[in-house]
Amino acid sequence: MKLLVYSTKEFEKEPLLKANAGRHKMKFVKESLDSTTAVLAAGYDAISIFSGDDASLVVLEILKDLGVNHISLRSVGYNNVSLKSAKRIGFRVANAPDYSPHAIAEHAIGMLLALNRKIIQANDQVSKGNFLLDQLMGNNLKGKTVGVVGTGRIGSILVKLFHAFGCKIIANDIEINHYLESEYDLEYTDLNTLCKSASIISINVPLTNETHYMFDEKLFQKMTKGTTLINTARGAVVKTRALLEALKNGTLKGYATDVYESEKGIFFKDNTKTGINDPLLLELIELPNVLLTPHQAFMTEEAIKNIAETTIYNINCWEENRGCRNELGFETLIS
């Protein structure tokens, strides 16, 4: 097949070329997919896109007219693809669901520890010659009640990691993982009870119509004052305006996040010269109890290698007209 790779980062090229092993004709472009850049795919059978690319109905129709029939995502999330429309038009779409849930879970733990123990603040003040401890008080994780929202691939690993820290773990999910219940003393509960009971909450759910703004004003009001929230899922699961208020009024002691609800046009690029024109994001960054990383949780050598191999595997399956284990069903997905 002829494959066009949108939103290519330099660190992706070598792993993708190695995984491809010369089988498919590949072209890399830095441009993200949208209604104006879709024309770049003229003459290609398949495209590969990232989480910030736009595969909405209008874009899909342009791609179809150009002869594109296959889309392989280099991400777990697929909320940027209009899947019901894709099915109706005749696309086959697959994601990379298992590239490294450990990478995401470990990043969540790392952010929590950095925020809780004020590691970045400590490093900043030491670099200026200040070795005082007065502003560096943290808390032990042992004995704390942690709420894990979503116990899928990533959430289940977080349950195991928090259990190793000696935490009491409660969870919320539409499906019960009985193995986690029996082996890690996990207790499932409703979301309101979880928010009332947990002093640390980790978000690990996909972005769907049901989870969009799941964490809003009403849910923040359910939380115990001084809660720490971790988000390595999707930015729009959290309503930013409500989040800012919760951070200011003390409902949240801290917020550690690798995502933001309006990432497009800001994330995955250097804005040092142009600046950032999003007032909500600027306000979030300026708060001392916020730790924000640039959607880097997936950035491990192992994960990038697995993403590349999965991307090429999906394309291989389609070329050979055989079943692809990562192909997305469309029955319950966002239109």
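The values are calculated or read from the model by the stated rules, or taken from the named source; none is laboratory data. From a predicted model like this one, the values you see are computed outputs, not experimental measurements. Note that we place each Cβ from the backbone using ideal geometry, even for glycine, and neighbour counts take in every protein chain shown.
Which of the residues that make up region 210-224 are over 20 Å from the mean Cα position of the chain (by Cα) and either part of a helix (DSSP H, G or I) or closer than 17 Å to V290 by Cβ (or both)? First the steps, then the outcome.
Step one: list which residues in region 210-224 are over 20 Å from the mean Cα position of the chain (by Cα), which gives 217-224.
Those that are over 20 Å from the mean Cα position of the chain (by Cα) and either part of a helix (DSSP H, G or I) or closer than 17 Å to V290 by Cβ (or both): E217, K218, L219, F220, Q221, K222, M223.
Test N139 against the criterion of being within 23 Å of A256 (Cα to Cα) and part of a loop (DSSP other than H, G, I, E, B), and give yes or no. Please lay out each step first, then the result.
Details: within 23 Å of A256 (Cα to Cα): yes; part of a loop (DSSP other than H, G, I, E, B): yes.
Yes.
Output the qualifying pairs, or none if there are none: Cβ atoms under 6 angstrom, residues six or more apart or on different chains, first residue in region 112-128 and farther than 11 Å from N139 by Cα and free of Cβ contacts under 8 Å to residues at least 24 places away in the same chain, second residue part of a helix (DSSP H, G or I) and not acidic (D, E).
Close Cβ pairs (under 6 Å, with a partner that is part of a helix (DSSP H, G or I) and not acidic (D, E)) do not exist here.
Report the residue count in region 185-205 for those that are touching a Lys or Arg at 6+ places or on another chain (Cβ under 7 Å) and in a loop (DSSP other than H, G, I, E, B). First the steps, then the outcome.
Going through region 185-205, the residues touching a Lys or Arg at 6+ places or on another chain (Cβ under 7 Å) turn out to be 192, 195-196, 199-200.
Next cut, in a loop (DSSP other than H, G, I, E, B) only: 199.
Residues that pass the stated criteria total 1.
Conditions first: (1) closer than 24 Å to N306 by Cβ; (2) assigned by TED's automatic domain parsing to the domain that holds I312; (3) not basic (K, R). I109 passes all but one, so which condition is the exception?
With respect to (1) closer than 24 Å to N306 by Cβ; (2) assigned by TED's automatic domain parsing to the domain that holds I312; (3) not basic (K, R), I109 is out only on (2).
Among what's in region 28-47 and is more than 26 Å from the chain's Cα centre (by Cα) and not hydrophobic (A, V, I, L, M, F, W, C), pick the residue that is surrounded by the fewest Cβ atoms within 10 Å (Cβ to Cβ).
Applying the filter and picking the extreme gives G43.
Looking at T211 and the list (1) farther than 30 Å from F91 by Cβ; (2) out of contact with any Leu (no Cβ under 6 Å at 6 or more places or on another chain); (3) surrounded by fewer than 21 Cβ atoms within 10 Å (Cβ to Cβ), which single condition is not satisfied?
The failed condition is (1).
Please indicate, with yes or no, whether at least one residue in region 143-161 is in contact with an Asp or Glu (Cβ under 7 Å, 6 or more places away or on another chain), assigned to a loop (DSSP other than H, G, I, E, B) and under 22 Å from K196 (Cβ atoms).
Looking for residues that are in contact with an Asp or Glu (Cβ under 7 Å, 6 or more places away or on another chain), assigned to a loop (DSSP other than H, G, I, E, B) and under 22 Å from K196 (Cβ atoms), one finds at least one in region 143-161, hence yes.
Could you list, in sequence order, all residues of region 162-172 that are surrounded by fewer than 22 Cβ atoms within 10 Å (Cβ to Cβ) and assigned to a helix (DSSP H, G or I)?
H163, A164
For residues that are polar (S, T, N, Q) and at pLDDT 95 or above, scanning just region 307-325, find the one that is farthest from S32 (Cα to Cα).
Taking the candidates together, the pick is N316.
For residues in region 255-286 being in contact with a strand residue (DSSP E or B) (Cβ under 8 Å, 6 or more places away or on another chain) and surrounded by 15 or more Cβ atoms within 10 Å (Cβ to Cβ), which is farthest from I104 (Cα to Cα)?
First pass over region 255-286, keeping only residues in contact with a strand residue (DSSP E or B) (Cβ under 8 Å, 6 or more places away or on another chain): 255-261, 284-285.
Within this subset, residues satisfying the condition of being surrounded by 15 or more Cβ atoms within 10 Å (Cβ to Cβ) are 255-261, 284.
Working: Y255: 16, A256: 13, T257: 11, D258: 9, V259: 12, Y260: 15, E261: 18, L284: 22 Å.
It comes out as L284.
Could you please let me know if V68 is surrounded by 23 or more Cβ atoms within 10 Å (Cβ to Cβ), in contact (Cβ under 8 Å) with a residue 24 or more places away in the chain and not assigned by TED's automatic domain parsing to the domain that holds F268?
no
List every residue pair whose Cβ atoms lie under 8 Å apart, where the two residues are 6 or more positions apart in sequence or sit on different chains, the first residue falls within region 293-310 and is closer than 23 Å to L115 by Cβ, and the second residue, located anywhere, is of a type in the set (D, E, K, R) and at pLDDT 95 or above.
What qualifies is T293/D258; P294/D258; H295/D258; Q296/D258; A297/D258.
Return the total of residues in region 1-27 being farther than 27 Å from G265 by Cβ, surrounded by 15 or more Cβ atoms within 10 Å (Cβ to Cβ) and either modelled with pLDDT under 95 or touching a strand residue (DSSP E or B) at 6+ places or on another chain (Cβ under 8 Å) (or both).
4
Within region 134-147, is there a residue that is closer than 30 Å to A96 by Cβ and either outside the structural domain of S75 (by TED's automatic domain parsing) or surrounded by 17 or more Cβ atoms within 10 Å (Cβ to Cβ) (or both)?
Within region 134-147, one or more residues are closer than 30 Å to A96 by Cβ and either outside the structural domain of S75 (by TED's automatic domain parsing) or surrounded by 17 or more Cβ atoms within 10 Å (Cβ to Cβ) (or both).
Does I276 satisfy the criteria of being part of a loop (DSSP other than H, G, I, E, B) and not assigned by TED's automatic domain parsing to the domain that holds K84? Explain how you work it out, then say what you get.
Values: part of a loop (DSSP other than H, G, I, E, B): yes; not assigned by TED's automatic domain parsing to the domain that holds K84: yes.
Yes, satisfied.
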